[in-house]
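Chemist: Let me begin by handing over the structure; questions about it come next.
The values are calculated or read from the model by the stated rules, or taken from the named source; none is laboratory data. As the structure is a prediction and not an experimental result, all values here were calculated from the model. As a convention, Cβ positions derive from the backbone with ideal geometry for all residues, glycine included, and neighbour counts pool all protein chains shown. For accessibility, only protein heavy atoms count, side chains too; no ligands or nucleic acids. Shrake-Rupley method; radii C 1.70, N 1.55, O 1.52, S 1.80 Å.
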Amino acid sequence: MPTTLNSQIPGGPIEKRWDDHRFSMKLVNPANKRKYHVIVIGTGLAGSSAAATLAELGYRVTVLSFHESPRRAHSIAAQGGINAPKNYQNDGDSVWRLFYDTVKGGDYRARESNVYRLAQVSGSIIDQCVAQGVPFAREYGGLLDNRSFGGAQVSRTFYARGQTGQQLLLGAYQALSKEIAKKRVTFYPRREMLDLVLIDGRARGVVARNMVDGSLESYTGDAVILATGGYGNVFYLSTNAKASNATAIWRAHKRGAFFGNPCYTQIHPTCIPVGSGFQSKLTLMSESLRNDGRIWVPKKAGDARAPGDIPENERDYYLERLYPSFGNLVPRDVASRRAKEMCDNGHGVGTTKLAVYLDFADAIRRNGADWVREKYGNLFDMYHEITGENAYEVPMRIYPAVHYTMGGLWVDYNLMSTIPGMFVLGEANFSDHGANRLGASALMQGLADGYFIIPYTIGNYLASGTFTPAGTDHAAFRDAEKSVAGVTARLLGAKGKKTVEEYHRELGTLMWDNCGMARTAEKLKKALTEIPLLREDFWKNVTVPGSSDDLNGEVERAHRVADYFELAELMVRDALHREESAGGHFREEYQTSEGEAKRDDEKFSYVAAWEFAGTGAEPVLHKEPLAFEYVKPSQRSYK
Amino acid sequence: MNFTLKIWRQPGRTSAGTFKQYTIDGVAADMSFLEMLDGVNQKLVRGGEDAIAFDSDCREGICGSCGLFINGRAHGPARGVATCELRMRHFTDGEAITVEPWRAKAFPVIKDLVVDRTGFDRIIQAGGYVSVNTGGVPDANAIPVPKHSAEEAMDAAACIGCGACVAACKNGSASLFVAAKISHLALLPQGQAERKDRVTKMVAAMDEEGFGGCSNTYACEAECPKLIPVTTIARMNREFLLAKK
Ligand SMILES: Cc1cc2nc3c(=O)[nH]c(=O)nc-3n(C[C@H](O)[C@H](O)[C@H](O)COP(=O)(O)OP(=O)(O)OC[C@H]3O[C@@H](n4cnc5c(N)ncnc54)[C@H](O)[C@@H]3O)c2cc1C
Ligand code: FES
């Protein structure tokens, strides 16, 4: 395992790096590709696009997902859109501008070379999706329509109503289905990867639990790709799907993959506020709504009048007031923090007072309700079903919620982790968004990784080494199976009093209160003492009924929550060590007089890559310095 | 609110199932149906009993994982929502609620309320795609698509593959599911090259999987959480006949 990080960033001018790198990488000749076998875990945008493309190239591909069908992956839920600097609107967009916006939006904590490459390949993603039959929104002339997202002053977001993720995922799923039909991909549904298998220091397979009959199965290959999504569910309440979890990346971390920037969490500003204690998840109201909705609170603290009774001059459209040039379209971290500040100062609305208004009255007056319905109808319907309120008549109530994790397994420019042969794509890696992701950039990154990056870089890895055949009868697989079975037995054997769900909620609250939107050293230290106590209690006192040789959701969740305890601790450590504010990581001690995040570039312009040193033991910090040659760091301004 | 629930319990694929009765109180009107079931499960788990197995994930009506047959209706009494979106305000206090899995020959029960819908995937594998590989495609704006075609294609593409259409149909037909994909791709220029082949293969796969035929009862349209219209089925039939010529 390496002790220093080599990010493999190519030299030369940034516009030429990816082209030069592609040229210098080794190729696997077409006839040899079928001799290599790649395992892909996950079928979201990143996993499906990678698996389909690798199979098209001729590799043999095995795909595992805990879902019943590849199409059910969490990517399906993305609403708002996907960015690409096509400049179809002739409004001054370019690869350079998307690159610049993303580095700045990430608060100068991302790798310039990766971001440039992302901007460069993103146009091809839109071409690819259209060719697959993705029904993007169009204008009357038949050409593609765009909308605007936060952190940008151009319209570069492509969308399919409020179901962009669904349509993109169906495109990738269909491409994958075509390869399954050709028998170049074998797909195993309802399989949860529970361990990574290394042979001679390289990733050579996984152990997974068959979730229908509970048996442990081993899969072997020449390389392993994790495309297993984000870990926002550490907080229990988030906009992520219920089953989204960190187990694949966490178990790989425990096998030696470094974890990059675990504390960078995105809190999305426009979600339906928490109602009551039984709530199982939070629902996002797409950021696209900020194109036409205006955010406001009553000027007077504690004003309990109905929104319609508050006259115009007694409303504070605080984002428009504070940020005249970006207005309601400031980046997410800024919008979330300001909403929290308004509520903390007594301007919150609704029964819990933890909400602000998102108002469409102006848009309806200007363009009519039908116009709004055509653009956002499904979101208004969703809001109505959940809250029982009609947002065409009363403003929506919204509040920030955990949404996305910029942190993830550390990868080099080739998307390879610190474990040779293990690649990480999509939200599961730490790569391109720095300390804050801009809206509509996750779909872009997942598909860039899968369609256009991994197909090249994995070839270079496979062509660079020789692979001794490693069957599933290898002792390393037996060891991994034994270790997984041991964890399951411990979980079933505790026979305590508290449910997995109760522990998860408790951990989530602890994390939200102490490692959420506003962090302080004091709160983080408190969490650092409380999490291990709760973890120890979990192992003694949890109850997991039923058996492990059966479809048993409690066993599945118990494994996931066990990992959350360890990951939560790492997130807190990372947040505590980063004595600055940057993007989604806001330390109250480090802010400007105007309440903006205050970075410390002297000390913290690096990626924190943590090495696992044992449960409860202090992890080892490795630093990858960040160099900004093209976008000079400055205090972000959206005024 | 309080409810008495009659829920289908079945240990495994080949074992026999029965209804079991459960009660739950303290249910709020804003709770989702699945949050109510979570509550029942928490009680069972605390008592050391096996939780009721059901599928769900996104809980916002888009992944198609959830699907319960509630009081004889796929996804319950509200129109245009999936089970996970359904709120308890659609029920009256004290009501008895019967919960069953999707029942169809092509969707065998795996456990309790969980069924095997992989037949849908195999139908898509038979031809529900455009055969383009990654790379080498034209610019996205090279082929204009009339707005109304794109909108109509999107209406069909909105299908979440939940299987409510099959569960609602007395024949267990997957016509609405298949027709939605056929329509989506037939309406776009990108889908033209394989148009005939696609419909022929997908319809054959649907039959092979053991889904029944369509006898125009329109139950599928009534229960579809995405309100996919039966006009897509008419289009599929037309496409099918044209392909044979
Ligand atoms: C409500 C919502 C709306 C969003 N809207 C937008 C948007 O408009 N624009 C945008 O750019 N981004 C958006 N995002 C973010 C974006 O959707 C995600 O970041 C992205 O889709 C993640 O894709 P992925 O392929 O990395 O992972 P996922 O789609 O999460 O897929 C993970 C896959 O891994 C599998 N998996 C995980 N663990 C295991 C395991 N241990 N064993 C086996 N399989 C496993 C799962 O089964 C699944 O197939 C949104 C996110 C949310 C929550
Ligand atoms: S849980 Fe995703 S559609 Fe219901």
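Chemist: Pairs needed: first member in region B:48-66, in contact (Cβ under 8 Å) with a residue 24 or more places away in the chain; second member anywhere, more than 13 Å from ligand 1 (Cβ to nearest atom) and small (Gly, Ala, Ser); C-beta distance under 6 Å; at least 6 residues apart or different chains.
Modeler: Going by the 6 Å Cβ cut-off, the qualifying pairs are B:Gly61/B:Ala82; B:Gly64/B:Gly161; B:Ser65/B:Ser56; B:Cys66/B:Ser56; B:Cys66/B:Ala82.
Chemist: Checking A:Gly439 against (1) within 17 Å of the chain's Cα centre (by Cα); (2) of a type outside the set (Ser, Thr, Tyr); (3) within 30 Å of A:Arg117 (Cα to Cα); (4) at pLDDT 95 or above, only one condition comes out false. Which one?
Modeler: If we test A:Gly439 against (1) within 17 Å of the chain's Cα centre (by Cα); (2) of a type outside the set (Ser, Thr, Tyr); (3) within 30 Å of A:Arg117 (Cα to Cα); (4) at pLDDT 95 or above, just (4) comes out false.
Chemist: Looking at region A:562-582 only, could you name the residues that are open to solvent by less than 10 Å² (accessible area, probe 1.4 Å) and under 28 Å from B:Asp38 (Cα atoms)?
Modeler: A:Ala562, A:Asp563, A:Tyr564, A:Phe565, A:Leu567, A:Ala568
Chemist: A follow-up question, please. Being modelled with pLDDT of 95 or more, open to solvent by 10 Å² or more (accessible area, probe 1.4 Å), among the small types (Gly, Ala, Ser) and over 21 Å from A:Glu389 (Cα atoms) is the requirement here; does A:Ala257 meet it? Give the steps one after another, and end with the answer.
Modeler: On the way: modelled with pLDDT of 95 or more: yes; open to solvent by 10 Å² or more (accessible area, probe 1.4 Å): no; among the small types (Gly, Ala, Ser): yes; over 21 Å from A:Glu389 (Cα atoms): yes.
Criteria not met by A:Ala257.
Listed here are the residues, each with its yes/no results for (1) within 16 Å of ligand 2 (Cβ to nearest atom); (2) among the β-branched types (Val, Ile, Thr); (3) assigned by TED's automatic domain parsing to the domain that holds A:Asp333.
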{"position": "A:Asn210", "(1), (2), (3)": "no, no, no"}
{"position": "A:Gly214", "(1), (2), (3)": "no, no, no"}
{"position": "A:Asn233", "(1), (2), (3)": "yes, no, no"}
{"position": "A:Thr247", "(1), (2), (3)": "no, yes, no"}
{"position": "A:Cys263", "(1), (2), (3)": "no, no, no"}
{"position": "A:Val274", "(1), (2), (3)": "no, yes, yes"}
{"position": "A:Ser286", "(1), (2), (3)": "no, no, yes"}
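Chemist: For the list (1) within 16 Å of ligand 1 (Cβ to nearest atom); (2) assigned to a strand (DSSP E or B), I need the number of the one condition that B:Asp121 fails.
Modeler: Just one mismatch for B:Asp121, condition (2).
Chemist: Can you confirm whether A:Asp195 is open to solvent by 20 Å² or more (accessible area, probe 1.4 Å) and over 20 Å from A:Gln128 (Cα atoms)?
Modeler: Working: open to solvent by 20 Å² or more (accessible area, probe 1.4 Å): no; over 20 Å from A:Gln128 (Cα atoms): yes.
So A:Asp195 does not fit the description; no.
Chemist: If we keep just the residues of region A:454-486 that are in contact with a helix residue (DSSP H, G or I) (Cβ under 7 Å, 6 or more places away or on another chain) and over 18 Å from A:Arg202 (Cβ atoms), which is least open to solvent (accessible area, probe 1.4 Å)?
Modeler: Of everything passing the filter in region A:454-486, A:Pro455 is least open to solvent (accessible area, probe 1.4 Å).
Chemist: Now for a different question. Scan region A:12-46 for residues that are away from chain B (no Cβ under 14 Å) and either in contact (Cβ under 8 Å) with a residue 60 or more places away in the chain or charged (D, E, K, R) (or both) and report the count. Break it down stepwise before answering.
Modeler: From region A:12-46, those away from chain B (no Cβ under 14 Å) are A:12-21, A:23-29, A:31-32, A:34-41; that's our starting set.
Filter again for either in contact (Cβ under 8 Å) with a residue 60 or more places away in the chain or charged (D, E, K, R) (or both), leaving A:14-21, A:25-28, A:34-41.
Matching residues across region A:12-46 total 20.
Chemist: Considering region A:87-119 alone, what residues qualify as being within 16 Å of ligand 1 (Cβ to nearest atom) and within 14 Å of chain B (Cβ to nearest Cβ)? If you could, list the steps in order and put the result at the bottom.
Modeler: Of region A:87-119, the ones within 16 Å of ligand 1 (Cβ to nearest atom) are A:98, A:101-102, A:105-106, A:110, A:114-115, A:118-119.
Correct list: empty.
Chemist: Answer with yes or no whether A:Asn378 is over 29 Å from the mean Cα position of the chain (by Cα) and of a type in the set (S, T, N, Q). Steps first, answer last, please.
Modeler: Details: over 29 Å from the mean Cα position of the chain (by Cα): no; of a type in the set (S, T, N, Q): yes.
Considered against the rule, which asks whether it is over 29 Å from the mean Cα position of the chain (by Cα) and of a type in the set (S, T, N, Q), A:Asn378 comes out as no.
Chemist: Consider A:Asn345 against the criteria (1) touching a residue at least 24 places away in the same chain (Cβ under 8 Å); (2) surrounded by 14 or more Cβ atoms within 10 Å (Cβ to Cβ): it satisfies all of them except one. Which criterion is unmet?
Modeler: Exception for A:Asn345: condition (2).
Chemist: Can you tell me which residue among A:His559, A:His585 is over 16 Å from A:Thr265 (Cα atoms) and buried (at least 17 other Cβ atoms within 10 Å of the Cβ)?
Modeler: Values: A:His585 fails: over 16 Å from A:Thr265 (Cα atoms).
From the options A:His559, A:His585, the qualifying one is A:His559.
Chemist: Have a look at B:Ser175, B:Ser149, B:Ser131 and point out the one that is more than 9 Å from chain A (Cβ to nearest Cβ) and in contact (Cβ under 8 Å) with a residue 12 or more places away in the chain. Working first, answer last.
Modeler: Working: B:Ser149 fails: more than 9 Å from chain A (Cβ to nearest Cβ); B:Ser131 fails: more than 9 Å from chain A (Cβ to nearest Cβ).
It is B:Ser175.
Chemist: Hey, another quick one. Filter region B:68-85 down to residues that are open to solvent by less than 10 Å² (accessible area, probe 1.4 Å), more than 6 Å from ligand 2 (Cβ to nearest atom) and not β-branched (Val, Ile, Thr), then give me how many there are.
Modeler: 4
Chemist: Still on this structure, I have one more. Taking the options A:Lys526, A:Lys495, name whichever one is surrounded by fewer than 19 Cβ atoms within 10 Å (Cβ to Cβ), modelled with pLDDT of 95 or more and not in a helix (DSSP H, G or I). Write out each step before concluding.
Modeler: Details: A:Lys526 fails: not in a helix (DSSP H, G or I).
Only one candidate passes the filter, namely A:Lys495.
Chemist: Can I ask one more? How about region A:213-233: which of its residues are away from chain B (no Cβ under 12 Å), away from ligand 1 (no atom under 14 Å from the Cβ) and not in a strand (DSSP E or B)?
Modeler: Passing the criteria: A:Ser215, A:Gly221, A:Asp222.
Chemist: On the given criteria, is B:Cys165 away from chain A (no Cβ under 13 Å), in a helix (DSSP H, G or I) and either open to solvent by 10 Å² or more (accessible area, probe 1.4 Å) or in contact with a His (Cβ under 7 Å, 6 or more places away or on another chain) (or both)? Walk me through how you get there before you give the answer.
Modeler: On the way: away from chain A (no Cβ under 13 Å): yes; in a helix (DSSP H, G or I): yes; either open to solvent by 10 Å² or more (accessible area, probe 1.4 Å) or in contact with a His (Cβ under 7 Å, 6 or more places away or on another chain) (or both): yes.
Spelling it out, B:Cys165 is indeed away from chain A (no Cβ under 13 Å), in a helix (DSSP H, G or I) and either open to solvent by 10 Å² or more (accessible area, probe 1.4 Å) or in contact with a His (Cβ under 7 Å, 6 or more places away or on another chain) (or both).
Chemist: Among the residues of region A:536-556, which ones are more than 14 Å from chain B (Cβ to nearest Cβ) and open to solvent by less than 20 Å² (accessible area, probe 1.4 Å)?
Modeler: Initially, region A:536-556 is screened for residues more than 14 Å from chain B (Cβ to nearest Cβ), giving A:536-540.
The answer is A:Phe538, and nothing else.
Chemist: With the requirement that a residue be more than 9 Å from chain A (Cβ to nearest Cβ), within 16 Å of ligand 1 (Cβ to nearest atom) and either in a helix (DSSP H, G or I) or of a type in the set (Gly, Ala, Ser) (or both), what does region B:43-77 give you?
Modeler: Correct list: empty.
Chemist: Ok, one more. I'd like the residue in region A:603-635 that is among the small types (Gly, Ala, Ser) and assigned to a loop (DSSP other than H, G, I, E, B) and, out of all such residues, is surrounded by the most Cβ atoms within 10 Å (Cβ to Cβ). Let's see the steps before the verdict.
Modeler: In the first step, residues of region A:603-635 are kept if they are among the small types (Gly, Ala, Ser); the result is A:605, A:608-609, A:613-614, A:616-617, A:627, A:634.
Imposing the further condition that a residue be assigned to a loop (DSSP other than H, G, I, E, B) reduces the set to A:605, A:613-614, A:616-617, A:627, A:634.
Numbers: A:Ser605: 18, A:Ala613: 10, A:Gly614: 8, A:Gly616: 12, A:Ala617: 8, A:Ala627: 10, A:Ser634: 10.
Only one residue fits best here, namely A:Ser605.
Chemist: Oh, and also: Going by what's in this entry, would A:Val154 be described as within 20 Å of A:Val334 (Cβ to Cβ), away from ligand 1 (no atom under 13 Å from the Cβ), part of a helix (DSSP H, G or I) and of a type outside the set (Lys, Arg)?
Modeler: Details: within 20 Å of A:Val334 (Cβ to Cβ): yes; away from ligand 1 (no atom under 13 Å from the Cβ): yes; part of a helix (DSSP H, G or I): no; of a type outside the set (Lys, Arg): yes.
So A:Val154 does not fit the description; no.
Chemist: Another question, if that's okay. May I ask you to verify whether A:Ile267 is within 13 Å of ligand 1 (Cβ to nearest atom) and surrounded by 22 or more Cβ atoms within 10 Å (Cβ to Cβ)? I'd like the intermediate steps shown before the answer.
Modeler: Working: within 13 Å of ligand 1 (Cβ to nearest atom): yes; surrounded by 22 or more Cβ atoms within 10 Å (Cβ to Cβ): yes.
Yes.
Chemist: Turning to a different aspect of this structure: Being open to solvent by less than 10 Å² (accessible area, probe 1.4 Å), more than 9 Å from chain B (Cβ to nearest Cβ) and of a type in the set (Gly, Ala, Ser) narrows it down to one residue among A:Gly171, A:Gly151, A:Gly165; which is it? Let's see the steps before the verdict.
Modeler: Numbers: A:Gly171 fails: more than 9 Å from chain B (Cβ to nearest Cβ); A:Gly165 fails: more than 9 Å from chain B (Cβ to nearest Cβ).
Residue meeting the stated conditions: A:Gly151.
Chemist: To continue, here is another question. How many of the residues in region B:78-100 are within 13 Å of chain A (Cβ to nearest Cβ) and in a loop (DSSP other than H, G, I, E, B)?
Modeler: Filtering region B:78-100 down to residues within 13 Å of chain A (Cβ to nearest Cβ) leaves B:78-90.
Among the residues that remain, those that are also in a loop (DSSP other than H, G, I, E, B) are: B:78-82, B:86.
Of the residues in that region, 6 qualify.
Chemist: Could you please give the count of residues in region A:384-403 that are open to solvent by less than 10 Å² (accessible area, probe 1.4 Å) and within 13 Å of ligand 1 (Cβ to nearest atom)?
Modeler: We begin by selecting, within region A:384-403, every residue open to solvent by less than 10 Å² (accessible area, probe 1.4 Å); these are A:391, A:396, A:398, A:400-402.
Retained after the next criterion (residues that are within 13 Å of ligand 1 (Cβ to nearest atom)): A:401-402.
Qualifying residue count, region A:384-403: 2.
Yes/no matrix, rows are residues, columns are (1) surrounded by fewer than 24 Cβ atoms within 10 Å (Cβ to Cβ); (2) in contact with a strand residue (DSSP E or B) (Cβ under 8 Å, 6 or more places away or on another chain):
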site: A:Asn6; (1), (2): yes, no
site: A:Ile9; (1), (2): yes, no
site: A:Ser65; (1), (2): no, yes
site: A:Arg71; (1), (2): no, no
site: A:Gly92; (1), (2): yes, no
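Chemist: While we're on this one: Might you check whether a residue that is assigned to a loop (DSSP other than H, G, I, E, B), closer than 22 Å to A:Gly388 by Cβ and within 12 Å of ligand 2 (Cβ to nearest atom) occurs anywhere in region B:31-42? Before the answer, list the steps.
Modeler: First pass over region B:31-42, keeping only residues assigned to a loop (DSSP other than H, G, I, E, B): B:31.
Applying the additional criterion that residues be closer than 22 Å to A:Gly388 by Cβ yields B:31.
Keeping just the survivors that are within 12 Å of ligand 2 (Cβ to nearest atom) gives none.
No, every residue in region B:31-42 fails to be assigned to a loop (DSSP other than H, G, I, E, B), closer than 22 Å to A:Gly388 by Cβ and within 12 Å of ligand 2 (Cβ to nearest atom).
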